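Okay, here's the structure, questions in a sec.
The values are calculated or read from the model by the stated rules, or taken from the named source; none is laboratory data. Just so it is clear, the structure is predicted and the values come from calculations on it, not from any experiment. With ideal geometry, Cβ positions are generated from the backbone for all residues, glycine too; neighbour counts draw on all protein chains shown. Calculation scope for accessible area: heavy atoms of the full protein, side chains included, ligands and nucleic acids excluded. Shrake-Rupley method; radii C 1.70, N 1.55, O 1.52, S 1.80 Å.
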Amino acid sequence: MEPVVCERRIEPPIRVDDIPAMEAQAAWCLQQHRVSHVTSLLSLDGRLLLCVFEAPDAESVRAVHRQVGAPFEHLRTATIHTPPTVPADASLATTDGTLIVVERCFAEPTDFMTIQAIEERGSWCLDQHRVRFLRSYFATDRRRMICLYTAPDAESVRLAQVQAGVPHAGVWAAALYEARTQQG
């Protein structure tokens, strides 16, 4: 099983409380394709939804989305990167700030170590803005990365990214839904 990250634009907007019903509606299809919903991050305006699944491959997740009629913008297998002291499957639930999503897009395939080196050089900016790194999902095609942070607000993360010279395509605050926690 591998992590698969799906990004969707939602119209009309939804609430994080709507996600369990969406998951229940797709349960039969998820089971059929051996796809497990791990976590979702919903933008505070309810229009952007980032879902992480464990699946045999990306095609399994694509099949689920096609069968339940849920269009998506991006769907990619990924590797998970966390701080050295945090396990990859650790909960994203936090009480020390707002959960912030940073989207990164690369015109050419990029090496993870290159991006990590840029982030490490700019770590003082994160500290200055009270931003703490939680996790990254790095697409296996090496053209997209989703990074998760906690911070006072999205603007703090955006400023830290700009000051550190770290490329980013979007920064937004999110509400968290952890499927495993809800099911267990």
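Measuring from label point to label point, each 7 Å out along Cα→Cβ, what is the Arg130 to Glu59 span in nm?
Between Arg130 and Glu59, the simple spin-label model gives 4.9 nm.
In deg cm²/dmol, rounded to 500, what helix-only [θ] at 222 nm does the chain give when every DSSP H run of at least 4 residues adds -39500 (n - 2.57) and the total is split over its residues?
-8000 deg cm²/dmol
For Glu155 and Met1 in one chain, what is 0.36 nm times their gap in residues minus the Cα-Cα distance, to one decimal in nm?
Length difference between fully extended and current span is 51.9 nm.
Can you tell me which of 64-75, 124-135 comes out highest on packing, and rank the rest after it, using the mean Cβ neighbours within 10 Å?
So the order, starting with the most tightly packed, is 124-135, 64-75.
Right, something else. Quantify, in whole percent, the carbon and sulfur part of the accessible surface of region 37-121 (1.4 Å probe; protein heavy atoms only).
The computed percentage sits at 55.
Could you provide, to the nearest whole Å², the per residue accessible area of region 75-143 with probe 1.4 Å? Before the final figure, lay out the partial values.
Numbers: 3840 Å² over 69 residues.
Result: 56 Å² per residue.
Now for a separate question. Keeping every protein chain in place, order Glu11, Glu54 by accessible area at 1.4 Å, biggest value first, i.e. largest first.
Glu11, Glu54
Bin width 10 Å, origin at 0, all Cα-Cα pairs of region 31-111: what percent of pairs per bin?
12, 42, 37, 9
Can you work out the base-10 log of I(q)/I(0) for region 95-184 at q = 0.11, 0.18, 0.22 1/Å, using the Debye formula on its C-alpha atoms alone?
-0.31, -0.78, -1.08
Right, next: Sort 45-52, 19-26 for me by packing, meaning the mean count of neighbouring Cβ atoms within 10 Å per residue, highest on top.
Details: 45-52: 19.2, 19-26: 15.2.
So the order, starting with the most tightly packed, is 45-52, 19-26.
Averaging the inverse of every distinct alpha carbon separation and then flipping it gives the Kirkwood radius. What is it for the chain, in angstrom units?
On the way: mean 1/r = 0.0596 Å⁻¹.
Evaluated over the chain, this radius sits at 16.8 Å.
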